[in-house]
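J.: First the structure, which I've put down as C-alpha cells, then a few questions once you've had a look.
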Amino acid sequence: MVDEADPTAIALGYVAAAARVDKVKHPNFVEGSACIGCALYQGAAGSEAGPCPLFAGKQVSATGWCASYAKKAI
Ligand code: SF4
C-alpha cells in the first residue's frame, strides 16, 4: 500500500481516505470523488485497493484521493 508519508504521495497530495483531503490545498477536490472512480485506478470494481500508475508497484486505497484525480468516463 502507498504510505501517505511517501515522497510521491506527499507531492501528489495523496491521502488513503478522501474524507481527509485538505480542501484548502486542493480546492479542485470534488466531494464524493475517490480513487475507485478515477480513470487511473486499476483495481477491479468493488476492490478495496488497486494499482495506480502514479505509484508503480504499490496499491492505492479505493477510498483514497490525490491531486491527479481524473474522473473515470462512464
Ligand atoms: Fe487515486 Fe487517481 Fe490519484 Fe491514482 S491518480 S492515487 S487512482 S486519485
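J.: Could you give the accessible area per residue of the chain, probe 1.4 Å, as a whole number in Å²? Provide the component values of the computation, followed by the final result.
T.: Details: 4410 Å² over 74 residues.
Per residue, the chain has an accessible area of 60 Å².
J.: Give me the percent of accessible area attributable to carbon and sulfur for the chain, probe 1.4 angstrom. It would help to have the intermediate numbers written out before the result.
T.: Details: 2690 of 4410 Å².
Ligands and nucleic acids excluded, carbon and sulfur give 61 percent.
J.: Another question, if that's okay. Please list Glu48, Glu4, Glu31 from largest to smallest accessible area, probe radius 1.4 Å, with all protein chains kept in place. Before the final figure, lay out the partial values.
T.: Numbers: Glu48 160, Glu4 65, Glu31 135 Å².
In descending accessible area the options line up as Glu48, Glu31, Glu4.
J.: Taking all protein chains together and a probe of 1.4 Å, list Lys71, Lys23 from the most accessible to the least accessible. Let's see the in-between values first.
T.: Numbers: Lys71 140, Lys23 95 Å².
Output order, biggest surface exposure first: Lys71, Lys23.
J.: Over the chain, with a single point scatterer placed on each C-alpha, what log10 of the ratio I(q)/I(0) does the Debye formula yield at q = 0.11, 0.14, 0.17, 0.20 1/Å?
T.: -0.22, -0.35, -0.53, -0.74
The values are calculated or read from the model by the stated rules, or taken from the named source; none is laboratory data. What you see is a predicted model; the values in this text were computed from it and never measured. We work out accessible area using only protein heavy atoms, side chains counted, and drop any ligands, DNA or RNA first. Shrake-Rupley method; radii C 1.70, N 1.55, O 1.52, S 1.80 Å.
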